[in-house]
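K.L.:
Attaching a single structure in C-alpha cells format; questions to follow.
The values are calculated or read from the model by the stated rules, or taken from the named source; none is laboratory data. Keep in mind it's a predicted model, so treat the numbers as computed, not measured. Positions of Cβ are generated from backbone atoms using ideal geometry, with glycine treated the same way; all protein chains shown enter the neighbour counts.
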C-alpha cells in the first residue's frame, strides 16, 4: 500500500510546565490517530510556561482545527494555534556522525558550511547543521546513507514572523 | 490539621452531604476521619462501579433542584480505583459533574508496583475532565476546591483526585491558611465563555426569521443549564418544532404540540423527517453524535446549522455550522428570546408537514399498544412503559439501563417533569440503572424513581439491591425480562440473518433474589396484571421489584441502521 504523504502541519502550544501535560497532549494526538512527526518542548518567556511545537501530517483543515480545539480544551493548555508555513520559521538542528573521504567532505563543506564538532582519524566526522528540515535532508542526501554512522535530530521548533 | 480533615472540610464547604464509597488500605484514613466527624451520610455500594453511578444519579437529579449537589465517590487504590473507571468514563461522555477521590499508595513507594498500586492518574487522564494528585498536605484543600470548580464550570464533567496515603495522614504546617471564600483557581488555560457574542446572535435571529422550515434541537446542554422552560417559551414564540436528543428528553413536556420527540437512530419519523427536510437547524447544547446524525454526508443536506454549545471543541466537529455560538444555552436563549428583531411566524405549511409525518407510525404503534402482547402472547415492552406513563401521568423519574428497553422508555414515556430522565447515552453502560436510581432518589426524595432494566443490564449491578436494602431506598425496580440481550438481538434479526450469537441469556430466579434482599416482588406475565402490578409497586412504601416476562421478538422502530442515512430509516417491521 502506498501512502500519499500529507501536508506537514506545525502546531504551537503554550502550556503549563507541570508533570502530565505532555502525557495528556500526546495521548489526545494518539487518540486522533496521528503519528507525531516531531515534538519539541522548551521553557517559554513567562515563568511556569512551556512552549511546545508539534508537527504532524494532515491535509484536512477542519481536522487540524479539531486538534487545536481539543488542545485548547485542556486546562493545562493556555493557547494553541497552527503556524502558517509561509508566515513562520521552522527550524531544526542535527548532529551527524559519518565516514567520508576528506575530499568529498571538503566539497560538501563548501556547499553547506556546517559546524565541525569533531574530525577523527580515518575520515570520521561529527558535524552540526541547523536550518529548515529540507536543508538537513539535503545535506544527509549529499553525504549518502552508506556513509552514516549516527544521526541525531532535534525535531522542529518554530516561530511566527 | 491532617490531609484527611482538609479533604472533608473542603467537601463540606462544597455542600456535599452524601459520600458513596468503598474503603480499603489506601483510603482508610479518610473513612476514619469521616466516622469521627459524622458530617456526611455514608452510602456503601457493593461494588465501586455502583458508587460512581450513584454519584452520577445524585448530580444529575439534583441539578434542577434548589440545592444542586455534586456526587462524590471514593475508592481505595488499585482495584478500587479501577472499578470506578467505567462510571467515570460514562460521566465524561455524558458531561456529568462528579468528583472521585481515590486513595493511592504512599508517595515513597509510588511506581514501585506496591501492593494495590495502579497508575490512577495515567488511567483516568483520557476519560475524565481533570486529574489531580496532590503531593503535599498543603495542596489538598485547594485541590478539592479546584476540582469542584472544574467539574461544574463550562461543560460539566468528572474529576479525579488521587490522594497518596502519606499526604492524607500528614499535618499541614502552623502557617497553613486557606480561605475558600477568596480562593480562585489559577487556571490560565481554562476557557469558559458563557455569554454569547451579540453579532452571532443577530445572525442567528436573522436566519430564524428567514427560515421556512426550521427545527430546534434540544440537547443535554438545555438540561444542564436549566433552560427547559425557556426553550419551550422560545419554541412557542417562534413556532419552531423541537426534536430531542436522548439526553434532551424531559427538558419540556414531550407531548407538547411543538415536540417531535426523540431524533436519531431510534427517533420518531416526525423528528427525523423534519430534520431531513429542514432548511435550518437551531441546535442547543448537543454534539451531533453518530446516533443522532447517521451518515454524515447525507445529514440535513438542505439545512443551515446554528449551533449553540458551551464547549468550543464540539463546534464544527461532526457537522459544519453556518453560525457557531460558543456560549451557555440558558444565556443564549435568554438573549434570543428578548431580541426585538425576533419574528413570530405561523409557519402553517411546515407545521402541517410535520403533523402529517406524525401519522406515519401512529396506527401501527396504536395497534401494538392496544394489543400489548407480541405474536407469542408475551408482553411488549412498549406497552408496559406506556402503561407506566399513563398510571404515573408522566410525572415520575425514569432511570433506564442500556439497550432496547431504554429506547422504549425514551419513546413511550410521556415526560412531564423537568429533568426526570437519566440514561447512559454516550458510553451506553449496561448496569448503570440500579445504582444511578439510588443516587437520583437521594437527590429527590419526594419524587418517585423507577429503575428500568433489561435482564442483561440488571444482572450487571444486581448487587446494589443490598445497598437498597441497607439504606431503605425507595426505588421502584422494573426488570423487562425477554431472555435475551434485546438490542443486539434486534440487530441480529435485522442485519445478521437471525443468528443469535451470545444474546440468549438465563436469569436467576428473581423472586428468590428479591427474597434474599428482603424486597417485595411480583412476576407479571399477563397483560391484565400489568396495571395492578405497577399500582402495587407505587402503593408500597419502599423498594419493589416487578419482573415482566417480555416478547423477545419485539423490536424498537423506527430505526436508522448504523452508518445509514435518514433515508434508510426502517419504519415498519419486516415481515418474516
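K.L.:
Being more than 14 Å from chain A (Cβ to nearest Cβ), under 24 Å from the mean Cα position of the chain (by Cα) and in a loop (DSSP other than H, G, I, E, B) is the filter here, so list the residues in the stretch B:311-329 that pass it.
P.N.:
Once the filter is applied, which keeps residues that are more than 14 Å from chain A (Cβ to nearest Cβ), under 24 Å from the mean Cα position of the chain (by Cα) and in a loop (DSSP other than H, G, I, E, B), the stretch B:311-329 yields B:327, B:328.
Each row is one residue, and each column tells you yes or no for (1) within 18 Å of residue B:458 (Cβ to Cβ); (2) at pLDDT 95 or above.
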site: B:369; (1), (2): no, no
site: B:375; (1), (2): no, no
site: B:378; (1), (2): yes, yes
site: B:381; (1), (2): yes, yes
site: B:385; (1), (2): yes, yes
site: B:396; (1), (2): no, yes
site: B:411; (1), (2): no, yes
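K.L.:
Ok, one more. Checking the condition assigned by TED's automatic domain parsing to the domain that holds residue B:287, in a helix (DSSP H, G or I) and touching a strand residue (DSSP E or B) at 6+ places or on another chain (Cβ under 7 Å), which residue from B:222, B:215 passes?
P.N.:
B:222
K.L.:
Further question on the same structure: Hey, could you check the stretch B:443-468 for residues that are surrounded by fewer than 19 Cβ atoms within 10 Å (Cβ to Cβ) and touching a residue at least 60 places away in the same chain (Cβ under 8 Å) and say which is nearest to the chain's Cα centre (by Cα)?
P.N.:
B:448
K.L.:
Provide a single number: the residues in the stretch B:288-311 that are within 21 Å of residue B:203 (Cα to Cα) and modelled with pLDDT under 95.
P.N.:
3
Residue-by-condition table, conditions (1) under 19 Å from the mean Cα position of the chain (by Cα); (2) closer than 20 Å to residue B:431 by Cβ:
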site: B:14; (1), (2): no, no
site: B:39; (1), (2): no, no
site: B:65; (1), (2): yes, no
site: B:83; (1), (2): no, yes
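K.L.:
Could you say whether any residue in the stretch B:330-342 is free of Cβ contacts under 8 Å to residues at least 12 places away in the same chain and away from chain A (no Cβ under 14 Å)?
P.N.:
For the stretch B:330-342, residues free of Cβ contacts under 8 Å to residues at least 12 places away in the same chain and away from chain A (no Cβ under 14 Å): present.
K.L.:
Output the number of the condition that residue A:161 fails; it satisfies all remaining conditions of (1) surrounded by 13 or more Cβ atoms within 10 Å (Cβ to Cβ); (2) in contact with a strand residue (DSSP E or B) (Cβ under 7 Å, 6 or more places away or on another chain).
P.N.:
(1)
K.L.:
Here's a follow-up. Just wondering, is there one or more residues in the stretch B:164-179 that are in a loop (DSSP other than H, G, I, E, B), within 14 Å of chain A (Cβ to nearest Cβ) and surrounded by fewer than 21 Cβ atoms within 10 Å (Cβ to Cβ)? It would help to see each step written out before you state the result.
P.N.:
Step one: list which residues in the stretch B:164-179 are in a loop (DSSP other than H, G, I, E, B), which gives B:170, B:172-179.
Add one more test, that the residue is within 14 Å of chain A (Cβ to nearest Cβ), and what stays is none.
No, the stretch B:164-179 has no match at all.
K.L.:
For the stretch B:335-356, which residues satisfy the criterion of being under 31 Å from the mean Cα position of the chain (by Cα), part of a loop (DSSP other than H, G, I, E, B) and closer than 16 Å to residue B:280 by Cβ?
P.N.:
The first filter runs over the stretch B:335-356 and keeps only residues under 31 Å from the mean Cα position of the chain (by Cα), leaving B:335-338, B:351, B:354-355.
Still in the list and also part of a loop (DSSP other than H, G, I, E, B): B:338.
Those that are under 31 Å from the mean Cα position of the chain (by Cα), part of a loop (DSSP other than H, G, I, E, B) and closer than 16 Å to residue B:280 by Cβ: none in the stretch B:335-356.
K.L.:
May I pose another question? So, restricting to strands (runs of 3 or more DSSP E) that lie completely within the stretch A:36-122, which ones have at least 2 residues that are away from chain B (no Cβ under 14 Å) and surrounded by fewer than 16 Cβ atoms within 10 Å (Cβ to Cβ)?
P.N.:
Values: elements: A:38-43, A:49-57, A:77-83, A:88-99, A:115-120.
Correct list: A:38-43, A:88-99, A:115-120.
K.L.:
Sort out for me the strands (runs of 3 or more DSSP E) sitting completely within the stretch B:32-128 that have 3 or more residues that are within 13 Å of residue B:159 (Cα to Cα).
P.N.:
B:71-75, B:98-104
K.L.:
State all residues of the stretch A:1-18 that are facing another protein chain (nearest Cβ under 9 Å) and either farther than 15 Å from residue A:82 by Cα or assigned to a loop (DSSP other than H, G, I, E, B) (or both); if no residue qualifies, say none.
P.N.:
Scanning the stretch A:1-18 gives a single hit, A:16.
K.L.:
Checking the conditions here, which among B:213, B:155, B:184, B:198 is more than 25 Å from residue B:65 (Cβ to Cβ) and surrounded by 18 or more Cβ atoms within 10 Å (Cβ to Cβ)?
P.N.:
Answer to the selection: B:213.
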